[in-house]
Amino acid sequence: MKRRMLSLVIVLGLVASLALTGCNEAKPGATNAPTVGTIKIAYQNGLSYSPFYVMQEMKIIEKYLPNVKVEWTVLASGSAVSEGLAAGSLDIGVMGVAPLLTAWDKGFSMKIFSGLVNSPLGLVVLDDKYMSLKNFTEPNKDKIAVPAPKSIQHILLSMAAQKQLGKATALDEYLKALAHPDAQTALLNKIDIVAHFSSPPFLFSEVAKGGKVAVDGFDAFGGDFSFLVSVASKKFMDEQPAYAGAVYMAMSETIGLINSKDDAAVQVIMSKEKLTKDTAIKYLDWAGTNFTTTPYGLAGLAKYMKDVGYIEKLPASYSDYCWSTATATIGQRAGGPSVLEKAQNRK
Amino acid sequence: MGNVIKKVLVLLKNLFFKRLIFFIGIIVVWQVLFYTKLYPVQMFPSVKTIWDSLVNNLANGELLAKTGFSLELIGIGMLIGMILSVIFTGLAMISKVCRNFVDSIITIAHPLPGIALLPIIILWLGLGSNAIIFVIVHSVLWPMLLNTMTGFSSVPKLYKQLGQNIEMSKIKLVFGIYIPASLPNIYAGLKISWARAWRALISAEMIFGASGTSSGLGFYISQKRYDMDTPAVFAALIVIMLIGILVEDIFFNQLEKRTIGKWGMVSQ
C-alpha cells in the first residue's frame, strides 16, 4: 500500500513538474524507452465518465504498460463511439447498454468490455402536478425532454408508462429530443418542456435548483442497471490481448480509487467537473451511484428492447455481446442463478 | 405551350444523360469499394442495401413525411427572409443612413453561423419549429439582401434617369426599373439563399431534435445514425440531393428561362 502511494506521489510529481516546465523537457523515466504501440480510447464529457478521465490524468494505464502510448479522445456523442470502434479508429470506448445492443443487433464487431457505472436517472419536474404520469394530458404542452428516441432515458420512461399508464408508448407523443444541457436550460427556465428525463450531473443540479424526481430510473427498470459500460472492438481484443488486460487492470484500480474517494482522484474530478470538494463528494455519494466493472441489468434491457422491437433478435448468451472480462464478473452459478446473475434481469 | 414542353424535355434529356453517366460512375466506384471490404459493411453498405432502404422508407411514408415537414419549414423561412430583404432593401433605397445601417448589419450578421446562435435562440424562441425557422431566416436574409442591394446599385444610371424623365414615382421606379434590372442578382441571391437555408435546416434539425411525432429530414438522419441504420442515413442523403437537383433544374432554371432568359438579360 505504501509503495503504491509512493509511486502515485511520484507519478503526480512528474505530471506536475511536466506541467510546470512545459512539455519540451526530456520525458522522465520509463517513457524514454521506445514506444511499441498505441491504445486508442474515447470517452464523453460528464461525471459518469470519471473513471476514464481519472485514468488518463493519473496515467494509470501507463503504470501497467510503460512503453505504450495511450491516445485519448473526448467525443461529443455515443454514436461517434460505435462508429469509431467499428471503423477501427478506436480500441475502447464508453457507451450505453442500449446502443451497444443495437450495435450487436446490426452486426458491429464490438462487445462489452466491462461495466462502468450504475447511475441514478430520473424524470425531473418542477411542478408538483407532474409528479404523476397520469397528469400528462396535453401532448403539445406537457413536453418531456429525452436525449434521443430509443435512448435509455426514453426506454425508462416507457417502462414507467407501462407500469403507471398500462401502455409503454403512452407518452411517446409528449417527447422532445434534446441534449441534456439544452434540456436543463429549458426545464429550469420553463421553456416549452415540463419534464426532463435526466442523468448525472444534470439530474443533481436540477434537483439542487428545485426539481423533483417524478420517476426514479431504478424503480422504472425494476432493479439496478448499468448506465454506461466500456466497449472494446474485436480487432483490439484479438490483436492486443495484453493491452486489453492492462486496461482492465487500470480500470479496476481507477474505480477502486474513485470509490474510496482517493484524494488525487477526487481532485481530478473536481477540476474536470468544476465542482467544490463538498459537491463532488455529494455527487459521488448520490444514492444509487455505483462505479463497478460488473455490468447490471443486461438481460432485462435486451429482453425489453426485443419486446418493443428496438432490436430484431435476442442474444442467446452474455458472450454474444460481452467479452470474457465482463461475462466472468457475472459468473454462472450451477443449480440456479446467483445474485449477480439475477441482477441482470428486471424484477 | 407544346413548344415549351418540348424544349424542356430536350433540356432535361441532355442534362439527364450527363448526370446519369456521372451517377453510374459513382455507383460503380461505390460498389467496387464495397467489394474490397476496406470498410466495415455496417458503415459502408452496398448499393443494393441503400436502394432497398430508400425504397422501403419511401414506401412506408416515413421519408416523405419527414421531407414534407422540412420543406414546409424551409418554405416559411424563405418567405419571411424574402419579405424582410425586400423591406430592408427598400429602407436602404430611401435613405443613406438606413443604407449604412443595413450594410453594417450584413457585415456583422452574414458570417455568423445560425447554429452558433442556437443556445440563445432556444432561450428567446423556445424549442419549437419557430427556432428552426429563425435559423433559416438568418441564413436566407443576408445573402438575399447582399445580392439585391448589389443588383440595385449596379443598375445603370441611364435607366434611372430615363425613369425620372418620364416622371415615374419612387415606388414605380423600384418596381418598374430597379427590380427588373437587378433580377439576375436577385436570382443569384435566391439560389444561394436556398442552398444556405437547406443546409441550415438540416444541421439545426440534427442538433435540435424532434417534437413528438413531427420532425424533419435532419432529425431523421441523426435518429438513423443513433439506430446505427447506415443505409437509411444514405437514403436520406439521396433524398436531400434529389431535392437539390429538382429545385435547381426545374424551379430555378425554368424561372430564369421564362424571365431574364427570355428578356435577353443573361447569356444562355
How many percent of Cα pairs in region B:105-223 exceed 25 Å? 41
In Å, the Kirkwood hydrodynamic radius of region A:150-207 over pairs of distinct alpha carbons? 12.0
How far apart, in nm, are two points set 7 Å out from the Cα along the Cα-to-Cβ line at B:Gln164 and at B:Phe101? 2.4
If the chain between B:Leu123 and B:Ile83 were fully stretched, how many nm would it gain, using 0.36 nm times the residue separation less the Cα-Cα distance? 11.9 nm
The orientation-averaged projected area of the Cα convex hull of the protein assembly as shown, in nm², is 36.8
Show that you can apply the helix-only estimate: for chain B, add -39,500 (n - 2.57) for every DSSP H stretch of four or more residues, divide by all residues, and state [θ] at 222 nm to the nearest 500. -25000 deg cm²/dmol
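First obtain the Kirkwood hydrodynamic radius of region A:224-306 from its Cα pairs, then insert it into the Stokes-Einstein equation at 10 °C and 1.306 mPa s, and state the resulting D in µm² per second as a whole number. Intermediate results must be reported in sequence, preceding the final value.
On the way: Rh = 15.0 Å.
Answer, rounded: 106 µm²/s.
Using every Cα-Cα pair within region B:1-128, state what percent have a distance larger than 23 Å. It would help to have the intermediate numbers written out before the result.
Numbers: 5546 of 8128 pairs.
Result: 68 percent of Cα pairs exceed 23 Å.
Note down the relative contact order for region A:60-124 as a percent, whole number, built from C-alpha pairs under 8 angstrom at least six residues apart. Don't skip to the answer; put the middle values down first.
Values: 30 pairs, mean separation 12.8, N = 65.
Relative CO of region A:60-124 lands at 20 percent.
Once you average over the residues of A:190-200, how many Cβ atoms of partner chains fall within 10 Å of each Cβ? Write down the numbers at each step before the final one.
Values: counts 0, 7, 8, 3, 0, 0, 0, 0, 0, 0, 0.
That average works out to 2.
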D (Stokes-Einstein, µm²/s), Kirkwood Cα radius, chain B, 0.692 mPa s at 37 °C: 154
Rounded to a whole number of µm²/s, how large is the Stokes-Einstein D of chain A at 4 °C and 1.567 mPa s, given Rh as the Kirkwood radius over C-alpha pairs? 61
Which three extents, in angstrom, do the Cα atoms of region A:168-271 have along their principal axes, listed largest first? 51, 36, 26
What FRET efficiency do you get for B:Tyr35 and A:Asp320 if R0 is 30 Å and r is their Cβ-Cβ distance, rounded to the nearest 0.05? 0.60
Can you tell me how much longer the chain between A:Gln164 and A:Leu188 gets when fully stretched, taken as 0.36 nm per residue apart minus their C-alpha distance, in nm with one decimal? 6.1 nm
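Tell me, A:Val146, A:Val81, B:Val4 in order of fewest to most beta-carbon neighbours within 10 Å? Present the calculation step by step, with values, prior to reporting the outcome.
Details: A:Val146 28, A:Val81 25, B:Val4 11.
Placing the least packed residue first, the sequence is B:Val4, A:Val81, A:Val146.
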How about A:Lys129: which lysines have a C-alpha closer than 21 Å to its C-alpha, ignoring those fewer than 8 places off in the same chain? A:Lys141, A:Lys143, A:Lys163, A:Lys167, A:Lys176, A:Lys190, A:Lys209, A:Lys212
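Read the figures in this text as sums done on the coordinates, not as results from a lab. Predicted, not measured: the structure shown is a model, and the values here were computed from it. So basically every Cβ, Gly included, is an ideal-geometry build from the backbone, and we count neighbours across all protein chains shown.
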